[in-house]
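The values are calculated or read from the model by the stated rules, or taken from the named source; none is laboratory data. Computed from a prediction, not measured in an experiment: that's the story for all the values here. Every residue, glycine among them, receives a Cβ derived from its backbone with ideal geometry; neighbour counts consider all protein chains shown. These accessible areas exclude ligands, DNA and RNA; they are computed on the full protein's heavy atoms, side chains included. Shrake-Rupley method; radii C 1.70, N 1.55, O 1.52, S 1.80 Å.
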Amino acid sequence: MKDILVLYYSRHGATRELALAIAQGIDSVPGLQARVRTVPPVSTVCEASAPDIPSEGPPYAELRDLEECAGLALGSPTRFGNMAAPLKYFLDGTTPQWLSGALAGKPACVFTSTGSLHGGQETTLLSMMLPLLHHGMLILGIPYTESLLNATQTGGTPYGASHHARADSAVHGISADEKALAIALGARIARTAASMTERP
Ligand SMILES: Cc1cc2nc3c(=O)[nH]c(=O)nc-3n(C[C@H](O)[C@H](O)[C@H](O)COP(=O)(O)O)c2cc1C
């Protein structure tokens, strides 16, 4: 059984919903399973520290999760058109994996949630790809052969899965189209990992 790491940060639960849909897509592919992990918030006061085990939700990611998994789905809320600091902070700690090439040749995809419709889904998704390219990962998007990409009135982009949460993330769950496209992306990264016999 190969694992795909679904690594996300979510403050209010919207990005988490996308993560679970992507995990559902991964789990639909025989021989593949999602390993869902999150990251703790970061604090402006250096004394603050989170417990090692979160009180709810999936465990915090460890660097070995990156090494052990056959692929990575990376998700963050959009913050000022970019990924949230807690996820960037985690990625900034991956120098050993960069030096060893632990992620090189593995498939990866990205996902995000925004408060507003034109609030930067694409900029966030594209900028989230940058550190993954530095790691040598193979970036996957959502192809237009997924017909919902043309039809969606909510989120879902060729650059990755997305959700338009509007003003209150907790009130509006992901739409049927957003969920279907996230599942399709999860299945795509899983099928890609399953088909790889060696890392290019
Ligand atoms: C500091 C901060 C910056 C944000 N920047 C943006 C933004 O640039 N564009 C946008 O549409 N929404 C922005 N939002 C809203 C979040 O992206 C949105 O509420 C998202 O759905 C939260 O995801 P979550 O429920 O997983 O935490 C921002 C929120 C915060 C707290």
Given the conditions (1) within 16 Å of the ligand (Cβ to nearest atom); (2) in contact with a Gly (Cβ under 9 Å, 6 or more places away or on another chain); (3) in contact (Cβ under 8 Å) with a residue 40 or more places away in the chain, and given that residue 106 satisfies all but one, which numbered condition is not satisfied?
-> (1)
Quick one: would you say residue 118 is open to solvent by 10 Å² or more (accessible area, probe 1.4 Å), within 9 Å of the ligand (Cβ to nearest atom) and without any contact (Cβ under 8 Å) to a residue 24 or more places away in the chain?
-> yes
Condition check for residue 34: buried (at least 17 other Cβ atoms within 10 Å of the Cβ), hydrophobic (A, V, I, L, M, F, W, C) and more than 15 Å from the ligand (Cβ to nearest atom) = yes
Considering the range 1-11, residues that are more than 13 Å from residue 38 (Cβ to Cβ) and open to solvent by 10 Å² or more (accessible area, probe 1.4 Å), and then whichever is nearest to the ligand (Cβ to nearest atom), we arrive at 3
Would you say residue 177 is surrounded by fewer than 19 Cβ atoms within 10 Å (Cβ to Cβ) and either closer than 30 Å to residue 105 by Cβ or modelled with pLDDT of 95 or more (or both)?
-> yes
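Tell me, yes or no, whether the range 127-135 has at least one residue that is buried (at least 22 other Cβ atoms within 10 Å of the Cβ) and either away from the ligand (no atom under 16 Å from the Cβ) or more than 28 Å from residue 31 (Cα to Cα) (or both).
no
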Could you please find all residues in the range 145-194 being closer than 22 Å to residue 81 by Cβ, among the acidic types (Asp, Glu) and outside any helix (DSSP H, G or I)?
-> 168
From the options 125, 130, residue that is touching a Ser or Thr at 6+ places or on another chain (Cβ under 8 Å), closer than 30 Å to residue 197 by Cα and either without any contact (Cβ under 8 Å) to a residue 40 or more places away in the chain or of a type in the set (Ser, Thr, Tyr) (or both) = 125
Boolean, residue 59 is open to solvent by 40 Å² or more (accessible area, probe 1.4 Å), closer than 14 Å to residue 10 by Cα and away from the ligand (no atom under 15 Å from the Cβ) = yes
From 160, 156, residue being touching a Leu at 6+ places or on another chain (Cβ under 9 Å), within 16 Å of the ligand (Cβ to nearest atom), under 19 Å from residue 70 (Cβ atoms) and open to solvent by less than 30 Å² (accessible area, probe 1.4 Å) | 160
